[in-house]
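What follows is one structure encoded as structure tokens, with my remarks underneath.
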């Protein structure tokens, strides 16, 4: 019926629903069959609920600018919270164990990896939010090293200009052809 969209599903998502004779079960707008989820665009026109969380993303029905159906993706809430907590814990640990010059390259690699994984079409807001919260955490933990040497936001922004971090960008654009 109509056009169908397919999104791969990890092994953790398989086996949630038991199927009929052919191994499929239709639940709202999804047809679950082994490793694939088929998004049928006709039922999505009226039902925008029940997104699927998989591979760190929240997959949901969305519209293009012209009104056509597309699968929208954003960072799953639980993964985002966990990643921010991990960054907070790591920054708290390294603030006094080494000088910022020693761990700044590791921080850059952590940010770059996050942007490369979660930088998909439609998720710019999510990676920008991660970047903003990480900058605030860096400011917080650098200011807790001592009472004498602390930054204000103006000095901290100058420090960031001298020692730039990777900026968020979309690495995987699903809606343009890459020749």
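The values are calculated or read from the model by the stated rules, or taken from the named source; none is laboratory data. Everything numeric here is computed off the predicted structure, so don't read it as measured data. Glycine also receives a Cβ, built like all others from the backbone with ideal geometry; neighbour counts cover every protein chain displayed.
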Among residues of the range 103-122 being buried (at least 18 other Cβ atoms within 10 Å of the Cβ) and farther than 13 Å from residue 83 by Cβ, the residue modelled with the highest pLDDT is 107
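Can you tell me which residue among 117, 130 is touching a helix residue (DSSP H, G or I) at 6+ places or on another chain (Cβ under 9 Å) and closer than 30 Å to residue 171 by Cα?
130
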Meets criteria (surrounded by 14 or more Cβ atoms within 10 Å (Cβ to Cβ) and either in a loop (DSSP other than H, G, I, E, B) or modelled with pLDDT of 85 or more (or both)) for residue 48:
no
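Report whether or not residue 59 is within 20 Å of residue 172 (Cα to Cα), in contact with a helix residue (DSSP H, G or I) (Cβ under 7 Å, 6 or more places away or on another chain) and surrounded by 11 or more Cβ atoms within 10 Å (Cβ to Cβ).
No.
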